[in-house]
Each structure stands twice: as structure tokens, then as C-alpha cells.
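One structure is given below, encoded as C-alpha cells.
The values are calculated or read from the model by the stated rules, or taken from the named source; none is laboratory data. What you see is a predicted model; the values in this text were computed from it and never measured. Here the Cβ positions follow ideal geometry from the backbone for every residue, glycine too, while neighbour counts run over all protein chains shown.
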Amino acid sequence: MPEKPSESNGKVHRKVGLVYDETMCKHDTPDGEAHPERPDRIRVIWDNLQLAGVTQRCVVLGGTKAEDAHLQLVHTKDHVNLVKSSTNKKDYQSDRVASLVNSIYLNGSTSEAAYLAAGSVVEVAEKVAKGELDSGFAIVRPPGHHAEADEAMGFCFFNNVAVAASYLLDERPDLGVKKILVVDWDVHHGNGTQKMFWEDPRVLVFSVHRHEDGGFYPGGDDGSYNMVGEGPGEGFNINVPWEQGRCGDADYLAAWDHILIPVAKEFNPDIILLSAGFDAAIGDPLGGCRVTPYGYSVMLKKLMEFAQGKIVMALEGGYNLDSIAKSSLACVQVLLEDNPIQGSSEAIPFMSTWRVIQAVRKRLCAYWPSLADELPSKLTNQKTPTPIVLTSNSNSEAKDNAHELLDQMSKLNIENHQGDTKVSRSWRSDLSKVDVWYASFGSNMWKPRFLCYIQGGQVEGMTKPCVGSMDKSPPKGITWGTYPNRLFFGRESTNVWGKGGVAFTNPLTNPNDQTHMCLYRITLEQFNDVLFQENGLNVDFASPIFGLTALQLVEKNGSTPLEAALAPWYGNVVCLGREGDVPILTMTCTLSVIEKFASGEVPLSPPAKAYANTLIRGLVEGGIFSEEEAEAYIDNAASKPLYINGASRF
Ligand code: X5A
Ligand code: ZN
């Protein structure tokens, strides 16, 4: 019988196991050369979990060594003996030919670490299957999913997850585990796991990976979507092979929503083993993809709906220390059913993603009927928005961006991402019941221009039309206000106005500053559609960028960075106060971008004529200023330097 969830602070928590054993850090390159699969990988994950205070809320286990008999459920005796006796690369090489030395290094501790990695995953899997733990995370190295029956490769020696799966099925019938779902979200194809369960219908192996038609490691055809298993295992192997790098949350979640989740419903696993590599993470030096901690947390959360949440995570790859630490924490928080992480999916999938998803569904629908339906063309025809990039293309800046992004992402919370259009209608109906004042200080001060965001269309000066909101009803009220924030202009160009700076306001207030703003009373649904359009995104989103939780946060904190990957530009919603019961919200850049403007790292830039004229028109037609006054106001804002000293922080 599973134990009751433990309780602390009156809150019911799930029992989550964590394995960490410093001994696994001893596996290292023989001569100390740098290698991405390095000891610090598991250290930083562990340290970050401790720092966040989650380890004391988990059941912490030391490593356990695997038994030879269990390793031999999936590996040959020769392979087990070879790893066992290997003490250095030479031994290893002299025993086996060069083909074995396939992205592998060894030292005197490799064998011990490999035994611990496999044994620890077995240990957690057993405890979860028994119900002693609800779920667990084995923070192990060396990784496992490339290791084949008779071959170490891709930094892997024993296939940790495969050993655990076979152990449950073959050695522990008493635990009642009959069907196992293996989910492999490491950026590389789980070739070893695929081969080990190729003909086994008890183990459904799902791997999503960068493939590039066999050009990406481990390469060849193995990772193709045509590899569906054979014999009784036919249909029980699913590959989602990305055609390119750069895939992010939107692409992975699309694979979840349209392949993995429907199949998991049909398969109905007794337990899930997760080959949790974090090398598809943003910033990873090997993966080249861009999954955020938020993305990982949503993927995991969606898996929690199956097998009563019995999930065993085993670390595979992941080579950016910062990314793997943050992603791991986000996942453990999901396992703990902690404070919901907030966020929303920022982008839409690549066209190639839909191509791959459709190919996979077609190839596998004979085995999984829920994959047979046509995907709505509404989804697959979405155009990927032009990426919003900071002015400089230098690498260091790109890295900074990723950094900032990670920081913001890890603060966000889950709730908002919903998978399909059915739910998408429901966020719209919820948010259509809430009113906000949208305070504009830029071109939206001119009413006809703002109405383009609501009703669609294009007015003088704009280089292209807007689609408008899904709810085209006009604002319920219009008023003006003056706020102690600094108006300034920056950024080199925009896709609506062309070259020249656009308006921002400093979220930090200063009594000497004044920004005049036109307030439109609209629904929160419409506010989201304004945000989508302001940031160059498609309005047909499955989830809001700024939902009810975000509204609460912004009212409490004064400002809140939005889901970051979205936009460094208008990625910050600021609450300026209330008008009656209704919060006044504006959108501007985040504080870190403000700091860059203030330091000169990102240049200020005066507005182009057409854009400035639109603002002036707004101010004049709104009755705020005469034409001359309005011009002077804009000129002043465009020419003064930006200081942040003496400002008060929201
Ligand atoms: C576990 C893992 C990657 C191997 C890459 C070899 N292996 N170039 O991420
Ligand atoms: Zn990998």
C-alpha cells in the first residue's frame, strides 16, 4: 500500500526522493582535460536544490551500486565485465577496438560511478513502484541512454533507465508494474533504450531529439520516426526527430500535446521513467535548442497526470551548468507540487515542427488511434514571428540575454500553459470578464492607432496592418493621466514603424519625471491581444501572456516581467495604480533593459518622424497639449539622457 503523502505546514506534499552521491563526481577525464560531461554537472544541480531549500523537503538517498545480474538484464556479460574492470582508457581500448571509444573517457573511478548511476536509478524506481516514494530524481552521472547492450558510447556506460525498467518488469513482478513509459527528452536520440526494448510492448519508448536527418549525434537512421519497433513491440517506439536546432518550449509542448500525451492516455502506463537530459535547454553548448526551465516544468507537469504521478527522473545529458541547475529545480518543484510556476509559452512552433509532428502522427496512427485525426490547419499554418532581438548581435550579448531569460523564467509559474484550442477559448472567456485600464504613452495615445490593435487595420505611418483583438468591441472608456515616470525613446527599429526609436517609460518613478498617458478601459483578454501584437506575436495563442495570476502579482509588486523569451522590449507590465476598482496597467521594458539603456550599453534612439507625429497627434487630439507643447514634450524626452539614480523602485 502506498503511504500517505507527508504533511508539513498544513500543506500536503508528495514524497519525492532525490539521489545524490558525491562519489559519482570522481568519474573524470584521465588527464584532467576539459570535457562537457564533467563532475560539476551533478554538483551544481544538488547545490542549487539545497540553496532553494527543497532538499530537506525530499527523501534524500545516497547512491546504490547496481548488481551485475540487473545490469545483465539489458547488457551483455562481456560489456558489464569490461566496464567493471576498466581502470583507464588504455585498458578499455586494449580490450576492445577503437569503435568502442565512441565519445567515452574513463578513469579509475568510472566503473564505480557507472555502477552507482545505474543502481541509483534502480533504487528510486523500486521505491516509487512500491509506493514508498511518490516520485524521484536520480541525479546521476555518467548518463545512460546511449549505452547499448554491448557498447558504451556518447558518455554513457550502462543504460541506467533501461536497467531500471527491466528490473521492475523482470525481477519484481510483485510490484505490479506491467507497462512502463520511457520519456527521453535529452536533446540526443536515446538509441540504447530504443534498441533494448525494440520488440518489447511492455515498454513504450518515446524520444524527442535533434536529428537533422541523421546529421546530429548519435546520427544515422535510428532516431527517425520510421523506427517504430518490431514484432510484438511494433508501435511501441516513438521518435520525434527535429529537423533543426533552436527548438524551444513551443516545439516541445506541441510534441507533447499532439503526440506524447494522447499516446500516454491510450497506453496508460503504471510508471514513467524519464530520461531527463537537460541539453535541449537554452544555453546548452551541445544541444543548440532553447527549452526553458518553465518549459521543462510544463512538460513534466503534463506527465504527472499519468501513472498517479509515479515518475522517476534520471539525469542524462545537459552541459550548461546554469541551465541544468535551474531546470532541475523547476522539475523538482513540480514533483513536490510546489507553488505553481507561472509563465506561458512565448513562441509558436517552427513550421518544421508541425511537419515532423504530422509525419510522426501519420506513421503511428495505426497503433494509436488518437493520432489519426487531422491537426487543425489553424495550428499548423501559424507563422513563426520574427524574433525580437536586442540591437547587438554579439555573442556575449546573446549569452546575457539567455541568462536574463533563465532568471526570469525560473521565477514564473506554470498554470498558464494550456495545450489546445478548447482551453484557449476558456482563457479568453475568463479574461473577458475582467476589466483593466491600459495606459499608453506611445503611438497608442492616438486613438485611431490604438483601435488597430482592437479592431484591426492600419493607419497613417504604420508600415503594416494589425490583425486586432479576437474581441473587437471598442474600449469602454478613455481618460488621461500623468505619472512620475520618465518617457524615453530607444531601440533601432520596429516592424510596425520601421527605423527609429520607440517609446518606453521607466518603471522606476521619480517626482521630477512626467509621462502623459492615454488610458483605455478594455478587457484583460484584449489587453493580452495588445501585448501579443505589441511584441510581434500571433494573437491566436493557446494561453494568455498575462493572466489572472500575473494580474495579482503586478498589483502586489507594482511590476512584473512577463514570460521572458517573449520580448525584452515590451516584456514588463507595470501597475500604475487604480482607477476606481480597475487596475491601470502599462507595458514597457524590464528593469534590466532600463539599466542597459541607462549605462549606454543599449543606445537611446530618437523616434522617426512618422512615429513622433503619431504621438503628437494623440496628445493634441486628446486635449493634453497644443501642437507646439506636444512637440516640445517629445523632443525633450528624445534628447535627455536617461538616469536611474534617485528613482524609487516599484
Ligand atoms: C548523454 C549525452 C551526448 C554525447 C554527444 C557526443 N550524450 N558528441 O547527452
Ligand atoms: Zn544528450
Hey, among the residues in region 170-194 that are β-branched (Val, Ile, Thr) and more than 16 Å from ligand 2 (Cβ to nearest atom), which one's farthest from the chain's Cα centre (by Cα)? Val177
Restricting attention to region 300-309, does a residue exist that is within 16 Å of ligand 1 (Cβ to nearest atom) and touching a residue at least 60 places away in the same chain (Cβ under 8 Å)? no
The correct count of residues that are among the acidic types (Asp, Glu), part of a loop (DSSP other than H, G, I, E, B) and either at pLDDT below 95 or away from ligand 1 (no atom under 12 Å from the Cβ) (or both) in region 253-287 is 2
Restricting attention to region 240-297, which residues are surrounded by fewer than 22 Cβ atoms within 10 Å (Cβ to Cβ), within 16 Å of ligand 2 (Cβ to nearest atom) and among the hydrophobic types (A, V, I, L, M, F, W, C)? Leu286
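Please return the ranges of strands (runs of 3 or more DSSP E) entirely within region 428-524 where 1 or more residues are over 21 Å from Ile634 (Cα atoms).
Where strands (runs of 3 or more DSSP E) fall fully within region 428-524 and carry at least 1 residues being over 21 Å from Ile634 (Cα atoms), they are 435-440, 477-483, 515-523.
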Please indicate, with yes or no, whether at least one residue in region 146-153 is at pLDDT below 95 and under 26 Å from Tyr252 (Cα atoms). yes
Considering Thr292, Thr193, which residue is at pLDDT below 95 and among the hydroxyl-bearing types (Ser, Thr, Tyr)? Thr292
Is there a residue being assigned to a strand (DSSP E or B), more than 16 Å from ligand 2 (Cβ to nearest atom) and in the same structural domain as Lys179 (by the TED database) anywhere in region 315-334? no
Please enumerate the residues belonging to region 24-68 that are farther than 27 Å from Ser103 by Cβ and free of Cβ contacts under 8 Å to residues at least 40 places away in the same chain. Gln50, Leu51, Gly53, Thr55, Gln56
Restricting to region 207-223, what's the tally of residues that are free of Cβ contacts under 8 Å to residues at least 24 places away in the same chain and under 26 Å from Ile282 (Cβ atoms)? 3
Can Asp134 be described as crowded, with 24+ Cβ neighbours inside 10 Å, within 12 Å of ligand 1 (Cβ to nearest atom), touching a residue at least 40 places away in the same chain (Cβ under 8 Å) and among the charged types (D, E, K, R)? no
Checking Val183, Val128, Val161 in turn, the sole residue that is in a helix (DSSP H, G or I), in contact with a strand residue (DSSP E or B) (Cβ under 8 Å, 6 or more places away or on another chain) and within 16 Å of ligand 1 (Cβ to nearest atom) turns out to be Val161
In the set Ala630, Ala608, the lone residue that is touching a strand residue (DSSP E or B) at 6+ places or on another chain (Cβ under 7 Å) and farther than 18 Å from Pro561 by Cα is Ala608
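State all residues of region 198-209 that are more than 16 Å from ligand 2 (Cβ to nearest atom) and crowded, with 24+ Cβ neighbours inside 10 Å; if no residue qualifies, say none.
Val203, Leu204
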If you go through region 195-243 one residue at a time, how many are over 23 Å from the mean Cα position of the chain (by Cα) and part of a helix (DSSP H, G or I)? 7
Count of residues meeting criterion [farther than 13 Å from Gly136 by Cβ and over 15 Å from the mean Cα position of the chain (by Cα)] in region 308-319: 4
For a quick check of your reading: which strands (runs of 3 or more DSSP E) sit entirely within region 532-650 and have at least 3 residues that are modelled with pLDDT of 85 or more and over 25 Å from the mean Cα position of the chain (by Cα)? 572-579, 582-588
From the list Leu106, Leu61, exactly one residue is under 21 Å from Lys26 (Cβ atoms), more than 16 Å from ligand 2 (Cβ to nearest atom), assigned by the TED database to the domain that holds Glu305 and at pLDDT below 95. Which is it? Leu106
